[in-house]
Structures are given as structure tokens and as C-alpha cells.
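Q: This structure is in C-alpha cells; I'll ask about it shortly.
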Amino acid sequence: MSAVVYRAPLLTPRSADRLDAWADGGLRVRDGRIEAAGDFDAVMVLGEAAVESLDGVLVPGFADVHIHWVQFPVRGAFEEELMPWLREYIWPEEMRYADQDFARAAAQRFFAATVRAGTVMGMSYSSVHAAATHIADEARVGDWMVGDVVMEHGAPEALTRASVHDAAELNARAAGIGPDRYVVTPRFALNCTPALMAALGDFARAGGYRVQTHLSESPGEIREVLREFPDAEDYTDVYDRAGLLGPRSVLGHCIHLSPREWSVLRARGSWIAHCPSSNEALDSGRMDLDTVRRLDIPYALASDVGAGSSHSLLHVMQRFLEIHRAAGVEVSATEALYRATLAGAECMGRGAVAGSLDAGKRADFVLLPRPAGGFLPEAWIEEWTRGAMAELETRPLATWIAGERHAPPAT
């Protein structure tokens, strides 16, 4: 297949405080991979290629490392606190995924919406139903990891009965997807016994699986966890005793942690899925970004739909910037873009193959409108995050995954 060079300004983050940018950029793509990225003239000397000039700016595709695809239909349905919200809206909605026809239609809508918003990869929670998880894996558009939530108790019987109850059953469910795309997913401590969590931890380590769960999202949740596990030092200790914490663990929220808990996360090398829009919607609090930075705990941004009201990572970036700035914490647009792209790929173990516009990586990228004025990358990122939620969900002009253009279709 011949190479194509996409000509447009290019922006690609390297870290939280470093961004590479080319005003007249060229992105050379062949067979779904990036062959080169940089100044257009420098890229063109590498050999013959078709040139497609684009009216916009190219950035890496977005990565969402904490989202519930089965909650997409009820995003924006809020209660004032996490636990009542789960019982009133979320668990009844997730029961519907026992119906495979319903699950299949819902998966198609979810992936159509996420790719339209520029999301090319992510980690998603499914329902308890094995068939629904496999349907999501088959319907995925992009590089997605997914796992059935484990809910042994503490929820309606229709959910707990359909859940995994031991490692052998989990192995049977995960085998058809494999460790590259299946995630071990204890929903949270209140749905699992210590014995089952320990079995899940053993299974994940032995098979090389990633783990995703929730940690310290709301004060009410924490109180219930400490009542349920009176021997634990704190919420984090519940997971640590079960062997669920490590560099392949992705913990949603991490808002109300003690100094001891922060130290444990640092020692274990666990990732945080930072969900500012979700935390704002449920009034859960604000993650202590100063402590996360001081301890160098890795984190990436995530939408947490359905508590998050939008699947758009541009919207998540907006809330990240506004919420932390309102608290007096200095955050930059470059950091927001990094945490929504390359950091997410690194969190998923994909940093070597995705997440930035680099030679050898998968050709996943998004075309965004070019703001008026001169070549001002930091200001451009700020501009892309401004606007109403619905605007941000459709702001991307086009999305490419492995070199193939997706929504909206080429005209």
C-alpha cells in the first residue's frame, strides 16, 4: 500500500509539560502505521506519497481509561451521592444487559458516539453478564479493553446471581478475549468478599491481566466499606490485602485518601483514572492533584460515563482545567491533552504503540478545527475545550483509527 501524507498543523504531547508542534506539519501513514511526523517538507523527502491537505489541526486520538459502556443510556441521571445513585439508576439499567439484543444495539450506539468524539481507545466496565462483555468486545471501534463487573453481593439478586463467583468462572469468561483486552473488574469492595478479591488478584497476576476498580469516590461509600471490613486499616488496605494493587491496576477516583493510602499507591505503582467531570456531577469532591504530583503517582483522564455526563474527552479536559484552577492549582492545557492521550495509552500498557504522533505507532489521530489567529498551540488546546457539552462531543472533524477514517465519514 502506498503512503499518504496528511498535511496540517500537528500537536503531540510528550509529557505533562512538553508538547511538540509543527505549524506546517506532515503525518506520513502507511498500512495503518505512522511512518514519520514532523515538518511537511522533511516528511516529504522520505519518499513518494499521496498528499491530503486537511483543514484543521491533527492531534493524537483520545484514550478514556474509565468508562461504563453499559451506563451510556443513563448518563446525566444524577443523585446527590454515589450510593443512592447506584441503587436508583445504575443497577436497574445494568440489569437490562441480560438481553443480548438490547446489549448489541447499545454497544453499537456507544462505540459510534465515542469514535465521533475522537476517542480511539479505552478501558470500560461492562455489566455482570458474560454475553454483554463479549458483545462489547466484538462491537468495539478502536483499541478497547473491557471486563464484566464482579458483584458477588450487596446488589440486586438479578445482578449478583449473574456475576462471577470464583476464579474458575472468571477464567472461562476471560479466555475468549485474552489478557490484552480483558480486564479483571471487581466493581468495588462493597460487592466482593475478601476471599473473592484475593482470588481475582491471584488470577490477574498469574495471567498478566490488568485490574480496574473504584477507590474512595465518596464519603458515604468509604463509611460503608469500613463497616464491612473492620480489620482493614482503610479503604486502600482492603484492596492491598487482596493483592489487587500494582502497576497494572487502574483505580477510579481516589478522592478521599489519607497520607498512608497515598503512600501505598505510590509504593505499588498503581494508576489513577482521574474523573473530574464525574466527581463534579455527583459532588464527590476533588482529587488532590498536588499530592499526586508530589508523589509522582501516574494518572490519566477519564469520563466515567454514566456518572460523567459526557463521553467527550474534550469535556473532561475542560472540567479538569476549570475545577483545579478554581481550587488554586496550576494546570496547563498541555497537561490536559497529555492526560487525555499519551498518558491514557501508557495506563493501558499501549504507550509504545499508541497515544502520540510518532513513527512506528498506530495511526490513531483526530482532526480538530484550527482556531483563528497565529500558531499558538497552548491557546488552541484551551480553545478546543471551550463550549457546551454537546458542542464538544461533535467538535472533532474526523477520526482515524489505524489509518482508517471513521465518523463523520469522508464526503
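Q: Taking R0 as 51 Å, what's the FRET efficiency between GLN100 and ARG405 from their Cβ-Cβ distance, rounded to 0.05?
A: In this case the efficiency is close to 0.95.
Q: Right, another one. Please find, in a Gaussian network model of the chain (springs between Cα atoms separated by less than 10 Å), the residue of LEU58, LEU376, LEU313 whose mean-square fluctuation is greatest.
A: Maximum among the listed residues: LEU376.
Q: So, counting K/R as plus one and D/E as minus one, what does the shell of residues with Cβ under 15 Å around ASP290 add up to?
A: +1
Q: With runs of 4+ DSSP H residues as the only contributors, calculate the mean residue ellipticity of the chain at 222 nm using -39,500 (n - 2.57) per run, divided by the residue total and rounded to the nearest 500.
A: Result for the chain: -10000 deg cm²/dmol, rounded to the nearest 500.
Q: Also: So if each residue of separation counts as 0.36 nm, and I subtract the Cα-Cα distance between GLU391 and HIS153, what length gain in nm does that give?
A: 81.7 nm
Q: Please give me the summed charge of the neighbours of TYR97: other residues whose Cβ is under 11 Å from its Cβ, Lys and Arg +1, Asp and Glu -1.
A: Its environment carries a net charge of -3.
Q: Let me ask you something else. Express the C-alpha Rg of the chain as a ratio against the empirical globular expectation 2.2 N^0.38 Å, rounded to two decimals.
A: Normalised Rg, Cα atoms only: 0.96.
Q: Which order do GLU88, GLU280, GLU217 fall in if you start with the one that has the fewest other Cβ atoms within 10 Å?
A: Ordered from fewest to most neighbouring Cβ atoms within 10 Å, GLU88, GLU280, GLU217 come out as GLU88, GLU280, GLU217.
Q: Which of TRP69, TRP384, TRP400 has the fewest other C-beta atoms within 10 Å, and how do the rest follow up to the most?
A: Fewest to most other Cβ atoms nearby, the residues stand as TRP400, TRP384, TRP69.
Q: Something else about it: Give or take rounding to whole Å, what are the principal axis extents of the alpha carbon atoms in region 348-411, in descending order?
A: Principal-axis extents of region 348-411 (Cα, largest first): 32, 28, 23 Å.
Q: Per residue of region 373-385, what does 6.51 cos²θ - 1.76 cosθ + 1.60 with θ = phi - 60° give for ³J(HN,Hα)? Whole Hz please, x for Gly and Pro, Karplus curve as stated.
A: Whole-Hz 3J(HN,Hα) from phi for region 373-385: x, x, 7, 10, x, 4, 5, 4, 4, 4, 4, 5, 8.
Q: Cα atoms only, region 280-338: Rg and Dmax in Å?
A: Rg, Dmax (Cα atoms, Å): 11.4, 30.
Since every read-out is calculated from the coordinates, none of them should be taken as a lab result. What you are looking at is a predicted structure, and each value in this text was computed from that prediction instead of being measured. Cβ atoms come from the backbone with ideal geometry, glycine included; neighbour counts cover every protein chain shown.
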